[in-house]
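Peer 1: Mind looking over this structure? Questions follow.
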Amino acid sequence: MAYLADEFPGDIHIALGMTSRQEEEEIVSFFEKKGRSASVVLYACISGYPVPFEDVSLLEITRLM
């Protein structure tokens with residue numbers, strides 16, 4: 001991640017599927033410390049398709065905003 005944060009000039013897209021809340025916080029904190037938080041795009045992903053309505057977790061979108 002350090003090379004990406006230091007060398008890549010564009011937006012950094014990160015899918016958070018299969019990560020824990022602690023891992024999410026560590027990822028966000030890392031990019032904040034590198035001064036790159038404004039160029040990070042987070043995705044709330046789910047690995048199933050089609051997804052049963054009760055597993056959609058749409059509130060994850062607002063949590064990540």
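Peer 1: Computed on alpha carbon atoms, what radius of gyration and Dmax characterise the chain, expressed in Å?
Peer 2: 13.4, 40
Peer 1: Right, something else. Tell me, what ³J(HN,Hα) does each residue in segment 37-46 have, in order and in whole Hz, if you take phi through Karplus 6.51 cos²θ - 1.76 cosθ + 1.60 with θ = phi - 60° and put x for Gly and Pro?
Peer 2: Coupling constants for segment 37-46: 4, 5, 9, 9, 10, 9, 10, 8, 10, 10 Hz.
Peer 1: Could I ask something else about it? Would you list PHE53, PHE31 from the most to the least accessible area, probe 1.4 Å?
Peer 2: Accessible-area ranking of PHE53, PHE31, largest first: PHE53, PHE31.
Peer 1: If you don't mind, another one. Could you check the simple spin-label distance between PHE8 and ALA38, using points 7 Å along Cα→Cβ, in nm with one decimal?
Peer 2: 1.9 nm
Peer 1: Shifting gears a bit: Please work out the average accessible area per residue across the chain, using the 1.4 Å probe convention, and give it in Å². Before the final figure, lay out the partial values.
Peer 2: Details: 5180 Å² over 65 residues.
Here the per-residue accessible area is 80 Å².
The values are calculated or read from the model by the stated rules, or taken from the named source; none is laboratory data. From a predicted model like this one, the values you see are computed outputs, not experimental measurements. Glycine gets a Cβ as well: all are built from the backbone with ideal geometry, and neighbour counts include every protein chain shown. Heavy atoms of the whole protein, side chains included, go into the accessibility calculation; ligands, DNA and RNA do not. Shrake-Rupley method; radii C 1.70, N 1.55, O 1.52, S 1.80 Å.
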